[in-house]
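Trainee: Here it is, the structure in full.
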Amino acid sequence: MSASENIGFIGLGIMGKPMARNLLKAGYSLTVYDIRAEPVEELVTDGASMAPSSKEVAQRTETIITMLPDSADSEKAILGENGVLEGAREGSIIVDMSSIAPLVSRKIAVEVARKNVEMLDAPVSGGEPGAIAGTLAIMVGGKQEVFDRCLPILKVMGRSVVRVGDVGAGNFVKLANQIIVAANIEAIGEAFVLAQKAGIDPELVFQAIRGGLAGSAALEAKAPMIMGRNFKPGFRIRLHQKDLHNALLTGKDLGVPLPVTSLIQQMLGALMNQGKGESDHSAIVNFIEDMANVQVMKG
């Protein structure tokens, strides 16, 4: 796949906009669509072409990337009225990079295959910083030959791009990722609240533990945000709550108990009820802080 090929990009949110921008920077021609005018106008200023619908994006391009909030959004954008499938030509490829329920990915793939259109599910991890830097981890499900064809464009957006199986496998792996990330951040919250309550400067805690077994990418990214009281979203609480909800439904379907995932999903739900759904998921610490009546801050 050459950089001269025109790519479609649908969904220019907190993740999609910088991902699309990186494709432009790499020299790809881009046709974009979003239900909001502002990010479309920004990308047009950067050199993209604008389309008035998902259908028209597909009519103009051979590879169509979607980056949307949840399962229903992907279904609507791809299978709905004026959706991608209405405009896609035989042999086109849909790369759904949304984090959605794996069984919905498979359902969409069955429908697009009826029109001889290929599909990959390729959810990502790394948040807004990774989307901006082009260093996302991308977990891909789909045919090997389709993956190989799309690999050059995926490498523009991600540092780690791994095919993990057939369609749906990408989102199964994304659910596993989200379970680990959520548990990691919740544990960081508990640990730093405990240290704060004991009168220890959390910055010293961070420096003391980051080089040991407790060190992690989550610790490096989220501890400074917690200590700086910076909950500007790189990945929103409401979206992580959605991912854990999908994980629990999938666990139920497969007969896999997910007790800690369930607990953290309830914490996220409580924070959403407090109006914090748009905060970064590092704000999980707020749930622990409220129970302990203490706030984590640098000394």
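The values are calculated or read from the model by the stated rules, or taken from the named source; none is laboratory data. Because the structure is a prediction, the values reported are computed rather than measured. Note that we place each Cβ from the backbone using ideal geometry, even for glycine, and neighbour counts take in every protein chain shown.
Trainee: Report whether or not Ile153 is assigned to a helix (DSSP H, G or I), at negative phi, outside the structural domain of Met19 (by TED's automatic domain parsing) and crowded, with 19+ Cβ neighbours inside 10 Å. Before the answer, list the steps.
Mentor: Numbers: assigned to a helix (DSSP H, G or I): yes; at negative phi: yes; outside the structural domain of Met19 (by TED's automatic domain parsing): no; crowded, with 19+ Cβ neighbours inside 10 Å: yes.
No, not satisfied.
Trainee: So is Leu239 at pLDDT below 95, outside the structural domain of Pro102 (by TED's automatic domain parsing), buried (at least 19 other Cβ atoms within 10 Å of the Cβ) and within 20 Å of the chain's Cα centre (by Cα) or not?
Mentor: On the way: at pLDDT below 95: yes; outside the structural domain of Pro102 (by TED's automatic domain parsing): yes; buried (at least 19 other Cβ atoms within 10 Å of the Cβ): yes; within 20 Å of the chain's Cα centre (by Cα): yes.
Yes; evaluated as a whole, the condition is true for this residue.
Trainee: Within segment 256-289, restricting attention to residues that are in a helix (DSSP H, G or I) and of a type in the set (Val, Ile, Thr), which residue is nearest to Gln241 (Cα to Cα)?
Mentor: Looking only at segment 256-289, we keep the residues that are in a helix (DSSP H, G or I), and these are 259-273, 281-289.
Checking the rest, the ones that are also of a type in the set (Val, Ile, Thr) come to 260-261, 264, 284-285, 288.
On the way: Val260: 13, Thr261: 10, Ile264: 8, Ile284: 11, Val285: 15, Ile288: 17 Å.
Result: Ile264.
Trainee: Between Ala195, Ala187, Ala217, Ala191, which is among the aliphatic types (A, V, I, L, M), within 20 Å of the chain's Cα centre (by Cα) and either under 28 Å from Leu136 (Cβ atoms) or buried (at least 17 other Cβ atoms within 10 Å of the Cβ) (or both)? Steps first, answer last, please.
Mentor: Numbers: Ala195 fails: within 20 Å of the chain's Cα centre (by Cα); Ala187 fails: within 20 Å of the chain's Cα centre (by Cα); Ala191 fails: within 20 Å of the chain's Cα centre (by Cα).
The match here is Ala217.
Yes or no, residue by residue, for (1) closer than 16 Å to Asn177 by Cβ; (2) in contact with a Pro (Cβ under 8 Å, 6 or more places away or on another chain):
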| residue | (1), (2) |
| --- | --- |
| Pro257 | no, no |
| Thr261 | yes, no |
| Ser279 | no, yes |
| Met297 | no, yes |
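Trainee: Suppose we keep only residues that are of a type in the set (Asp, Glu) and under 23 Å from Ala195 (Cβ atoms) within segment 256-299. Which one would you say is surrounded by the most Cβ atoms within 10 Å (Cβ to Cβ)?
Mentor: Keep residues of segment 256-299 that are of a type in the set (Asp, Glu), which gives 278, 280, 289-290.
Cutting the leftovers down to under 23 Å from Ala195 (Cβ atoms) gives us 280, 289-290.
Values: Asp280: 23, Glu289: 19, Asp290: 14.
Per the stated criteria, the residue is Asp280.
Trainee: Search segment 41-62 for residues that are closer than 23 Å to Glu86 by Cβ and pair each with any residue that is part of a loop (DSSP other than H, G, I, E, B) and charged (D, E, K, R) when their beta-carbon atoms are under 7 Å apart and the residues are at least 6 apart or on different chains.
Mentor: Filtered contacts from segment 41-62: Glu62/Glu5.
Trainee: Would you mind stating whether Leu204 is free of Cβ contacts under 8 Å to residues at least 60 places away in the same chain, more than 17 Å from the chain's Cα centre (by Cα) and assigned by TED's automatic domain parsing to the domain that holds Val260?
Mentor: It is false that Leu204 is free of Cβ contacts under 8 Å to residues at least 60 places away in the same chain, more than 17 Å from the chain's Cα centre (by Cα) and assigned by TED's automatic domain parsing to the domain that holds Val260.
Trainee: Name every residue in segment 161-208 that is of a type in the set (Gly, Ala, Ser) and not in a helix (DSSP H, G or I), in order of residue number.
Mentor: Step one: list which residues in segment 161-208 are of a type in the set (Gly, Ala, Ser), which gives 165, 168-170, 176, 182-183, 187, 189, 191, 195, 198-199, 208.
Listed by number, the residues that qualify are Gly165, Gly168, Ala198, Gly199.
Trainee: Can you pull out the residues in segment 122-146 that are buried (at least 20 other Cβ atoms within 10 Å of the Cβ) and either of a type in the set (A, V, I, L, M, F, W, C) or more than 12 Å from the chain's Cα centre (by Cα) (or both)?
Mentor: Ala122, Val124, Ala131, Leu136, Ile138, Met139, Val140, Gly141, Gly142
Trainee: For Gly234, which of the numbered conditions (1) in a helix (DSSP H, G or I); (2) buried (at least 20 other Cβ atoms within 10 Å of the Cβ) fails to hold?
Mentor: Result: Gly234 fails condition (1) only.
Trainee: Checking Ser71 against (1) under 27 Å from Phe235 (Cα atoms); (2) hydroxyl-bearing (Ser, Thr, Tyr); (3) touching a strand residue (DSSP E or B) at 6+ places or on another chain (Cβ under 8 Å), which test does it fail?
Mentor: Evaluating Ser71 over (1) under 27 Å from Phe235 (Cα atoms); (2) hydroxyl-bearing (Ser, Thr, Tyr); (3) touching a strand residue (DSSP E or B) at 6+ places or on another chain (Cβ under 8 Å) leaves (3) as the failure.
Trainee: Among the numbered criteria (1) over 24 Å from Gln241 (Cα atoms); (2) in contact with a strand residue (DSSP E or B) (Cβ under 7 Å, 6 or more places away or on another chain), which one does Gly130 miss?
Mentor: (1)
Trainee: Let me spell it out: the conditions are (1) buried (at least 22 other Cβ atoms within 10 Å of the Cβ); (2) over 17 Å from Leu23 (Cβ atoms), and Ile180 meets all of them except one. Which number is the exception?
Mentor: Against the list (1) buried (at least 22 other Cβ atoms within 10 Å of the Cβ); (2) over 17 Å from Leu23 (Cβ atoms), Ile180 comes up short only on (1).
Trainee: Here is a further query. Among the listed residues Asp201, Asp166, identify the single one that is acidic (Asp, Glu), modelled with pLDDT of 95 or more and farther than 20 Å from Val294 by Cβ. Give the steps one after another, and end with the answer.
Mentor: On the way: Asp201 fails: farther than 20 Å from Val294 by Cβ.
Every option except Asp166 fails the conditions.
Trainee: Another question, if that's okay. Check segment 238-245 and report whether any residue there is without any contact (Cβ under 8 Å) to a residue 12 or more places away in the chain and not in a loop (DSSP other than H, G, I, E, B).
Mentor: No, that holds for no residue.
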